[in-house]
Structure formats: structure tokens, C-alpha cells
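Only one structure is covered here, and it is reproduced in the block below.
The values are calculated or read from the model by the stated rules, or taken from the named source; none is laboratory data. Since the structure is predicted, the reported quantities are computational estimates derived from the model, not experimental observations. Every residue, glycine among them, receives a Cβ derived from its backbone with ideal geometry; neighbour counts consider all protein chains shown.
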Amino acid sequence: MIEITDVRKSFGDKHAVDGISFRVEEGEIMGFLGPNGAGKSTTLNIITGYLSADSGTVRIDGTDILTDPLKAKKDIGFLPEIPPLYLEMTVIEYLNFVYDLKGCKLPRKQHLKEICEVVKIWDVGKRLIKNLSKGYRQRVGIAQALIGNPKVLIFDEPTIGLDPRQIIEIRNLIRMLGKEHTIILSTHILPEVQAVCDKIVVINKGTIVANEKTEDLINAVDGTRKLIAKIVGPEDEVLKTLRSLGGIKTADSIGKRDTDSISYLIESQDRVDIRKPLFYTLASKGWPLIGLEGVELSLEDIFIRLVGKEKPDNKKQRKAGN
Ligand code: ADP
Ligand code: MG
């Protein structure tokens, strides 16, 4: 549905986007992840035709954005980093304005009402945009992207500046829109993509450092596993035993006493499943293992490692990753 091939863009001698390629298939929600200044907005502005690339191609549902921009743009709804809202208009006036601007052919009243219901702004339709909260303004921004019912939706940092409750609401909205649309969601907030996206493309300094299914990314970057084990037994001896067990990289008491047990955070070595040896060893010592659960590697860890790998001169990030 979206096909980017070797896209480059410089501002002066700054290579904002330095030869990137990726595809998003129909119905996918792609997370576009990267730190500030990585090149996310530049890429999205090129995909949506707001900015022209120096070289490379962008195809939307087979249509080249340069050779047939009108057709390609009809398939795209875009929420830019700074939504183009007119603060002196009411919500309904603004949506009608965008409807005309896009030359939308769908039945006006019904279409706009449906959109307002989906993004839950029907009750503020008559209010001036300048009087709305940030969360509601962002919904109006999403509403304008939905006008014309485009196949592709592109959201540039849609949850920036929102409070935690608003973030969850916008996430749920995006997840729901993902059932009917192909979506690119850019963010520098890591749990966001984990919660919503089928696949993740990570960009850093204008180049792509990962392009994987969400769960594969977590496995690909690091094969170590973290487990929390609840064990009944003398803390010092348990720790000594854990640390001497093959396949275990680190073991630490995390001090949570649950009646007579203590919790330990255990990190296994790359691609080693230590659960069975752990069980038998503890059993042979007469220390009951009364709980064992996996701790998922956070995307934060993964991201820092990826960026660290790409940038071996960046000591700060490398340190944080180790
Ligand atoms: P992101 O959205 O990931 O934060 P951007 O795409 O906005 O990153 O920016 C990528 C790089 O390009 C940054 O170093 C930024 O300063 C630079 N840049 C972006 N737009 C312009 C511009 N119009 N003029 C000059 N430099 C720009
Ligand atoms: Mg940006």
C-alpha cells in the first residue's frame, strides 16, 4: 500500500533523510520510531507530498506521489506534527472547510457526522477550536485526516503533549482506525508502538536501523530473557546458587517478601531457557519455587541498543544500553 524506495532529503549540508526504503502492506499499522531529529517528520512530509525528496520514489497504492500527486494524495489522510487548525472556526465550520479543500464527493452532512462520532467530537461541534483542550484539538486534527475516507492515514506524533488519559484514548482510536485503514504512526514514545503497531521501523540520523514485526524486533535485538522467580529459602544461599547456575547471567533479590518467599530478578544468557534447570536445582535444595514469570524486554532497552549499535561513537547511549 505504501512503498518508499531510497528516499533522500538534505537541508543544506544536513542529510535529514539519507536513503531510506520500507513498505507498509494494506491493513498494517506501522510504528515509525526514532528520537527527536531522527528524520521522522521529514519522511512523513515526503510521503504525503508536502515536501519533495531530493531523490527516491514514494508510491501510494501503486501511484507515484510525483507523477500523479492528486490521485496519490486522495488516498492519504495526514495529521502533521503541528495540526493545521483554524482556531477562530468552530469544529463544524473547520471540517466543512477541509471538506471543500479536499474536494470531497461523499455526502457532506452524513460523512462529517460519522467522522465526528468516530473521533467523539460531535458534542463540541459548535465550539470554537481555540476553546478546546489539547486532547479535543488533536481529535479534530484526526477528524480532518479522515475526511474523504482515505485508505492511508499518517499521524505524526499524535499524542505529544497529551495527558496519560488522553494518550490512551487517542491510542484506542488509532487502534480502531487500523481495522479499516493502513496507518503510519510516528512517535518517539516507545510503549506507544508496542501497544498499537503490527510492525516497527526505527529511524536514527536519517537511516533505518530496524524494520521488523513488533514481536520479532523484541526477539531479534537481544536473546536474553528476564524472569522473576519467587523462591522460599535463605536469601544469601539462594542467590549464591542462582549465580552459579549455568545459563544465568545475573540474579538479584528484588526484596519483595510475599509471606515467606523472596522475589529474584534473573537474567538468562543469550537464547538459553533456564526454567527447567532452575526448577530442578531449587527442588534438590528443598527450596520451593512458588512463582515464575517472564519480564518483557522494554522497547526502551531495545531502542537504546539499536541506536547504540549504529552509533558506536555515542558513548552516552552505549552506556545506557549496557
Ligand atoms: P523528527 O521528526 O524525527 O524529530 P525531522 O524530520 O523533523 O526529525 O528533522 C530531521 C533533521 O532535519 C533534524 O536535524 C532537523 O533539524 C533537520 N530539519 C528538518 N526540517 C528542516 C528544515 N526545514 N530546514 C533545515 N533543517 C531541517
Ligand atoms: Mg517530528
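Numbers at a glance
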item: Residues located in the range 51-67, provided they are within 16 Å of ligand 1 (Cβ to nearest atom), on the phi < 0 side of the Ramachandran plot and surrounded by 14 or more Cβ atoms within 10 Å (Cβ to Cβ); result: 51, 53, 58
item: Filtered residues of the range 182-197 (kept if away from ligand 1 (no atom under 16 Å from the Cβ), within 22 Å of residue 146 (Cα to Cα) and in contact with a Leu (Cβ under 6 Å, 6 or more places away or on another chain)); result: 183
item: Pair list, Cβ under 7 Å, 6 or more apart: the range 13-25 residue not assigned by TED's automatic domain parsing to the domain that holds residue 38, other residue in a strand (DSSP E or B) and of a type in the set (Gly, Ala, Ser); result: none
item: All positions within the range 68-85 that are away from ligand 1 (no atom under 16 Å from the Cβ) and either modelled with pLDDT under 95 or not assigned by TED's automatic domain parsing to the domain that holds residue 178 (or both); result: 68, 69, 70, 71, 72, 73, 74, 75, 84, 85
item: Subset of the range 120-160 that is touching a Lys or Arg at 6+ places or on another chain (Cβ under 8 Å) and closer than 19 Å to residue 31 by Cβ - its residue that is surrounded by the most Cβ atoms within 10 Å (Cβ to Cβ); result: 156
item: Condition met for residue 168 (in a helix (DSSP H, G or I), assigned by TED's automatic domain parsing to the domain that holds residue 27, hydrophobic (A, V, I, L, M, F, W, C) and out of contact with any strand residue (DSSP E or B) (no Cβ under 7 Å at 6 or more places or on another chain)); result: yes
item: Leading residue by the ranking (farthest from residue 145 (Cα to Cα)) among those in the range 86-103 that are modelled with pLDDT under 95 and in a helix (DSSP H, G or I); result: 101
item: Any strands (runs of 3 or more DSSP E) falling wholly within the range 6-85 and containing at least 1 residues that are under 26 Å from residue 192 (Cβ atoms) and within 13 Å of ligand 2 (Cβ to nearest atom); result: 14-24, 29-33, 76-79
item: Test for residue 233: is it over 30 Å from residue 10 (Cβ atoms) and not assigned by TED's automatic domain parsing to the domain that holds residue 126; result: yes
item: Within the range 205-245, tally of residues that are modelled with pLDDT under 90 and out of contact with any strand residue (DSSP E or B) (no Cβ under 7 Å at 6 or more places or on another chain); result: 7
